[in-house]
1. Looking at segment 49-77 only, could you name the residues that are away from the ligand (no atom under 12 Å from the Cβ), out of contact with any Leu (no Cβ under 9 Å at 6 or more places or on another chain) and open to solvent by less than 40 Å² (accessible area, probe 1.4 Å)?
2. Among the residues of segment 168-180, write down those that are surrounded by fewer than 17 Cβ atoms within 10 Å (Cβ to Cβ) and away from the ligand (no atom under 11 Å from the Cβ).
3. Can you work out which of the residues in segment 186-213 that are in a strand (DSSP E or B) and over 12 Å from the mean Cα position of the chain (by Cα) is surrounded by the fewest Cβ atoms within 10 Å (Cβ to Cβ)?
4. Is it the case that F222 is touching a Cys at 6+ places or on another chain (Cβ under 7 Å) and not in a helix (DSSP H, G or I)?
5. Which is open to solvent by 10 Å² or more (accessible area, probe 1.4 Å) and either within 12 Å of the ligand (Cβ to nearest atom) or within 16 Å of the chain's Cα centre (by Cα) (or both), of G140, G123, G115?
6. Considering segment 89-98 alone, what residues qualify as being part of a loop (DSSP other than H, G, I, E, B) and open to solvent by 20 Å² or more (accessible area, probe 1.4 Å)?
7. Being in a loop (DSSP other than H, G, I, E, B) and open to solvent by 40 Å² or more (accessible area, probe 1.4 Å) is the requirement here; does D370 meet it?
8. Being part of a strand (DSSP E or B) and in contact with an Asp or Glu (Cβ under 8 Å, 6 or more places away or on another chain) is the filter here; which residues of segment 225-245 pass it?
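The values are calculated or read from the model by the stated rules, or taken from the named source; none is laboratory data. Being a predicted model, the structure only gives us computed values, none of them experimental. Cβ placement follows ideal geometry from the backbone for every residue including glycine, while neighbour counts extend to all protein chains displayed. The protein model used for the area step is the full one, side chains on, heavy atoms only, and it has no ligands, DNA or RNA in it. Shrake-Rupley method; radii C 1.70, N 1.55, O 1.52, S 1.80 Å.
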Amino acid sequence: MNVPATDASHFRRALAEHFPQSAWREAVESVPRELFLGAAIYRATEYGDRWEVIRRDEVPADEWLRLAYSDETWVTQVGGVMADDATGRTSGPPTCSSTMPGLVVRMLEAAQISGGAKVLEIGTGTGYSAALMCHRLGDGAVTSIEYDPAVAGHARTALAAGGYAPTLVVGDGLSGYEKNAEYDRLIATCSVRYIPMPWMWQVRDGGTITTPLWGWMGGTAFAHLTLDDAGYASGRFLQDRLYFMTARPHLPHPLSHAVLLRGPSRPSRIDPNLLDHETGVFVAQLAAPSAQRLGTGDETILVDVATGSQASSSKTAEGEWVVRQHGPLRLWDAVEDAIETWQQAGSPDQSAFGLRVTRDRQYVWLGDNDGPSWDLPV
Ligand SMILES: C[S@@+](CC[C@H](N)C(=O)[O-])C[C@H]1O[C@@H](n2cnc3c(N)ncnc32)[C@H](O)[C@@H]1O
């Protein structure tokens, strides 16, 4: 494209053309994403969790705009270090990003946000999605919460520079923000293990909660729940497979290694490779939600740190799958039962499942609300 070096509108228009039918198209065409990337971003290297920094003032202006308006996720904080502050290569897990605009738009569409809606967003991040909502709904309709003060500071600066003024809160979004309740729509751009109860109290009856779910085995589902007038919420999972980084309080304790106990084994009723399948692992996780998964394929290991329970699978010389289990939770027994239930239902994907949240229980059902169910680890 032959454009003046600093003219971002061409790039913005090109990005908006990815969403020709979307009600968010005009917002994408108007919100200057480059503001929300700040002065630097991280780019993944070939070495797993190691990142290099790209600084705005070290690349040609056109190149920076090209990056800003590509439909890609740009990581802006790794292990708590903002890209602006990084010196040299950094390693660690990403802790903030400007999620790819395509995913942000899908999230906003899935939440069925339209003019007049009052929205609570959990996970301000760079502030880009909050800016899209301010553009479409007006500043007064948008409340956004960010956990990390440094991230929130950058978002505040970028939002102000773009002329957007949502209510920006620094704190734990799992507690919501009661002062501006009730909300018509709650969206989380971070993933949760279960629905925090304050969200239920702060969304109006008939309102919705749209959030990615994620668990300690890595299984995901995309929840879109409607609140009824008894204060319960329910909904079938959406077809989209959509993941945002995990809400920080819902991360497990780091599990760098586990001492594998040996001992007697028994034949496994299921092929452990099913846990490498995206719905298979989701189902396994429903059955053993406190377990973390190490290893894949030939040796799948489940460890529940709190009770010291573990299960590990392996293949015998004859090619049979066997499993060893230790501890008070029989993790593999539970996983086998759930996988068999899922297989008997024809091994459907996550959109055959749904979630119901009541005052006492949160459970995932299969088929319909009266089908087989598993409690989330509330
Ligand atoms: C993928 S980013 C959000 C993307 C963002 N909406 C955007 O448009 O740039 C996820 C954000 O959620 C934040 N986060 C994680 N746990 C949180 C929590 N409990 N409450 C609020 N924010 C949280 C992270 O710090 C991170 O900035």
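1. W51, V53, L65 - these are the residues of segment 49-77 that are away from the ligand (no atom under 12 Å from the Cβ), out of contact with any Leu (no Cβ under 9 Å at 6 or more places or on another chain) and open to solvent by less than 40 Å² (accessible area, probe 1.4 Å).
2. E178, K179 - these are the residues of segment 168-180 that are surrounded by fewer than 17 Cβ atoms within 10 Å (Cβ to Cβ) and away from the ligand (no atom under 11 Å from the Cβ).
3. So, considering only residues that are in a strand (DSSP E or B) and over 12 Å from the mean Cα position of the chain (by Cα), the one surrounded by the fewest Cβ atoms within 10 Å (Cβ to Cβ) is G206.
4. no
5. The unique qualifying residue is G123.
6. R89, P93
7. yes
8. Passing the criteria: L227, S234.
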